[in-house]
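Peer 1: The structure's right below; bear with me while I get my questions together.
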Amino acid sequence: MRRLPGDGNGREPVPPPVQPQLSRRVIGSQMVPLVTQIRSYELITPLFGGGVEPGETDPVTVIRGPEIRGQLRFWWRACRGGRFNGDLAAMKEAEDELWGAASTERKPMPSQVEIMISIEQSGESKHPFEVVAGLVDGRKDQPKPKVKANEIVAPAYAAFPLQPSEKEMRAGGIGMQTKTVRTKVCFTLKITYPEKRREEVEAALWAWETFGGIGARTRRGFGASKLVSVDGKPVTPSRANEVEAKIRKGLQKHVVSGTWPASVPHLSLNPRMKVTGRRSDPIAAWEYLVKCLRDFRQSRYPGASPRQPGRSQWPEPDEIRRLTDRRCDRHARSLSTVRKFPRAAFGLPIVFHFKDEKIGDPYDTILQGRDYERLASPLILRPLACADGAVGLAVVLEGTGVTVLPDSLILRKKEEVDISWPVEAAIEAQEAQELSPLNGIPDVLQAFLKKL
């Protein structure tokens, strides 16, 4: 029997999957016309996660269909959830009807949207961090493991979850293998849906392509995509000075006017948003966004030297010292009279670590919700590719964040769950005048956008 040809590397060929071209389908008791599109994308920032191991990418199944479906469900809610007049059950029923849900014998709930993913280019594995030799008290004969960031791959401030811990570095030593991301990933999305659902699906696609991404930490810019072509026809991106007007036009077209159910993140027809100036490429635009976020969140008074930064201009450190009744001599005087935790606006949890714990400052504490630990950041940062380079986009989702749950925060001791204090995050107008980073603006996220 004649053997089938291999690929030259000893591997047998794998036949391509059968992909029938559907033009009509029975939904309920009706035969409905279908729309099928083939949309090609390339990732303009690294892909973070998505593999079997937490925080690791999968070189085989780089991008999965269910992941895309989940993104589209989210952005459908963000665009179309306002038409249900705040009725969560009604929104969930409509969502399940379109995107599918767990089926039973009496109530089958298949998705009306079919998604197929083809990986055109699986990309390259890159290390945002590496472990190199550091010095102990300046002595070259006693090196110790030290983390070095590779900013060419990803901004270190955005990629911090990929950074190895001190315990991992002690175990792995100098040169240990750190977690990776994938760059230069290209894929094709084949999507089929009923013609009568075109407006809803196109709204989800537009919002995902504009504000979303693939994988983990998309709200900090990882996994941002660029639409390359639709049905084989190249998509020409806007010029940098046209991007904001195009986004606002898309919001008017795809976002409904109405009332969303409580605590459902969504877009607004007039969002808190900022589009930065043009940069040479998407990575440069991303780096600018992340640097601005880092500088804003870490605002400090001038220090004695660059290696000895001054104390924080935010009120949380002094308030933690008050609550824990721990304070080292060099921080004996409080710099802030505001007894709030305004940086909760960027998402939870937040771990507070004091480098002077051994000489009297507080132990590690965690800011979180009273009845929940995690609260996703309402702030989205990502680059957008343009015909003449790239711009950075910052937008705040409505219906989420600590402003929705203002009285449900606690600060607790990291190692002892039973030791906690109720705290507040919302800033009053007078308090905003006292906090230098806010420059008199009580809305923390709006103050950040103003500094971009």
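Peer 1: Any chance you could count how many residues in region 164-185 are surrounded by fewer than 19 Cβ atoms within 10 Å (Cβ to Cβ) and part of a helix (DSSP H, G or I)?
Peer 2: Counting residues in region 164-185 that are surrounded by fewer than 19 Cβ atoms within 10 Å (Cβ to Cβ) and part of a helix (DSSP H, G or I) gives 6.
Peer 1: Among the residues of region 249-271, is there at least one that is surrounded by 13 or more Cβ atoms within 10 Å (Cβ to Cβ) and basic (Lys, Arg)?
Peer 2: Taking every residue of region 249-271 in turn, none turns out to be surrounded by 13 or more Cβ atoms within 10 Å (Cβ to Cβ) and basic (Lys, Arg).
Peer 1: With the requirement that a residue be assigned to a loop (DSSP other than H, G, I, E, B) and farther than 17 Å from residue 125 by Cα, what does region 138-163 give you?
Peer 2: Residues of region 138-163 assigned to a loop (DSSP other than H, G, I, E, B): 138, 150-159, 163.
Within region 138-163, 138, 157, 158 qualify.
Peer 1: While we're here: Filter region 193-213 down to residues that are of a type in the set (Asp, Glu) and surrounded by fewer than 19 Cβ atoms within 10 Å (Cβ to Cβ) and give me whichever is nearest to residue 229 (Cα to Cα).
Peer 2: Here the residue is 202.
Peer 1: Right, another one. Looking at region 186-212, which of its residues are aliphatic (A, V, I, L, M) and either assigned to a helix (DSSP H, G or I) or not assigned by TED's automatic domain parsing to the domain that holds residue 62 (or both)? Spell out the reasoning first.
Peer 2: Of the residues in region 186-212, the ones aliphatic (A, V, I, L, M) are 189, 191, 201, 203-205, 207.
The answer is 201, 203, 204, 205, 207.
Peer 1: Does residue 365 satisfy being assigned by TED's automatic domain parsing to the domain that holds residue 429 and either out of contact with any strand residue (DSSP E or B) (no Cβ under 7 Å at 6 or more places or on another chain) or of a type in the set (Lys, Arg) (or both)? Reasoning before the result, please.
Peer 2: Numbers: assigned by TED's automatic domain parsing to the domain that holds residue 429: yes; either out of contact with any strand residue (DSSP E or B) (no Cβ under 7 Å at 6 or more places or on another chain) or of a type in the set (Lys, Arg) (or both): no.
When the stated conditions are applied, residue 365 does not pass them.
Peer 1: On to the next question. From 324, 259, grab the single residue that is in contact (Cβ under 8 Å) with a residue 24 or more places away in the chain and touching a strand residue (DSSP E or B) at 6+ places or on another chain (Cβ under 8 Å).
Peer 2: Working: 259 fails: touching a strand residue (DSSP E or B) at 6+ places or on another chain (Cβ under 8 Å).
Sole residue among the options that is in contact (Cβ under 8 Å) with a residue 24 or more places away in the chain and touching a strand residue (DSSP E or B) at 6+ places or on another chain (Cβ under 8 Å): 324.
Peer 1: Does residue 182 meet the test of being under 28 Å from residue 204 (Cβ atoms) and not acidic (Asp, Glu)?
Peer 2: Here the answer is yes, as residue 182 does meet what is asked.
Per-residue answers, yes or no, for (1) more than 30 Å from residue 112 (Cα to Cα); (2) within 27 Å of the chain's Cα centre (by Cα); (3) aromatic (Phe, Trp, Tyr):
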| residue | (1), (2), (3) |
| --- | --- |
| 133 | yes, no, no |
| 167 | yes, yes, no |
| 174 | yes, no, no |
| 196 | no, no, no |
| 200 | no, yes, no |
| 203 | no, yes, no |
| 206 | no, yes, yes |
| 225 | no, yes, no |
| 231 | no, no, no |
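Peer 1: If you don't mind, there's one more thing I want to ask. Do we have any residue at all in region 79-89 that's of a type in the set (S, T, N, Q) and in contact with a strand residue (DSSP E or B) (Cβ under 8 Å, 6 or more places away or on another chain)? Steps first, please.
Peer 2: Initially, region 79-89 is screened for residues of a type in the set (S, T, N, Q), giving 85.
With in contact with a strand residue (DSSP E or B) (Cβ under 8 Å, 6 or more places away or on another chain) added as a condition, the list becomes none.
There is no residue in region 79-89 that is of a type in the set (S, T, N, Q) and in contact with a strand residue (DSSP E or B) (Cβ under 8 Å, 6 or more places away or on another chain).
Peer 1: Let me ask something else. Cβ-Cβ under 7 Å, sequence separation 6+ or interchain: first residue in region 167-183 and at pLDDT 85 or above, partner hydroxyl-bearing (Ser, Thr, Tyr). Which pairs?
Peer 2: The qualifying pairs are 180/57; 180/125; 181/57; 182/57; 182/125.
Peer 1: Further question on the same structure: Within the set of pairs 6+ apart or on separate chains, which have a first residue in region 227-252 that is in contact (Cβ under 8 Å) with a residue 12 or more places away in the chain and of a type in the set (A, V, I, L, M), a second that is surrounded by fewer than 15 Cβ atoms within 10 Å (Cβ to Cβ) and in a loop (DSSP other than H, G, I, E, B), and C-beta atoms under 9 Å apart?
Peer 2: What qualifies is 227/235; 228/235; 240/277; 240/387; 240/388; 251/269; 251/270.
Peer 1: Taking the conditions exactly as written (in contact with a Gly (Cβ under 8 Å, 6 or more places away or on another chain), over 30 Å from residue 241 (Cα atoms) and not hydrophobic (A, V, I, L, M, F, W, C)), does residue 408 satisfy them or not?
Peer 2: Details: in contact with a Gly (Cβ under 8 Å, 6 or more places away or on another chain): yes; over 30 Å from residue 241 (Cα atoms): yes; not hydrophobic (A, V, I, L, M, F, W, C): yes.
For residue 408, the condition - in contact with a Gly (Cβ under 8 Å, 6 or more places away or on another chain), over 30 Å from residue 241 (Cα atoms) and not hydrophobic (A, V, I, L, M, F, W, C) - is met.
Peer 1: A further question on this structure: I'm checking my understanding of the structure. Among residues of region 214-244 that are part of a strand (DSSP E or B) and polar (S, T, N, Q), which one is surrounded by the fewest Cβ atoms within 10 Å (Cβ to Cβ)? Quick ask: steps written out before the conclusion?
Peer 2: Of region 214-244, the ones part of a strand (DSSP E or B) are 225-230, 233-234.
From the residues that got through so far, the ones that are polar (S, T, N, Q) too are 225, 229.
On the way: 225: 26, 229: 13.
Applying the filter and picking the extreme gives 229.
Peer 1: With the checklist (1) hydrophobic (A, V, I, L, M, F, W, C); (2) part of a loop (DSSP other than H, G, I, E, B); (3) at pLDDT 95 or above in hand, flag the one item residue 292 doesn't pass.
Peer 2: Result: residue 292 passes all but (2).
Peer 1: Only one of these is under 30 Å from residue 159 (Cα atoms), surrounded by fewer than 17 Cβ atoms within 10 Å (Cβ to Cβ) and touching a Ser or Thr at 6+ places or on another chain (Cβ under 7 Å): 313, 308. Name it.
Peer 2: Details: 308 fails: touching a Ser or Thr at 6+ places or on another chain (Cβ under 7 Å).
The match here is 313.
Peer 1: For the structure I just gave you, tell me whether residue 418 is surrounded by fewer than 16 Cβ atoms within 10 Å (Cβ to Cβ) and in the same structural domain as residue 325 (by TED's automatic domain parsing).
Peer 2: Working: surrounded by fewer than 16 Cβ atoms within 10 Å (Cβ to Cβ): yes; in the same structural domain as residue 325 (by TED's automatic domain parsing): yes.
Yes: the conditions hold for residue 418.
The values are calculated or read from the model by the stated rules, or taken from the named source; none is laboratory data. Values in this document were obtained by computation on a predicted structure and should not be read as measured data. We place every Cβ from the backbone using ideal geometry, glycine too, and count neighbours over all the protein chains shown.
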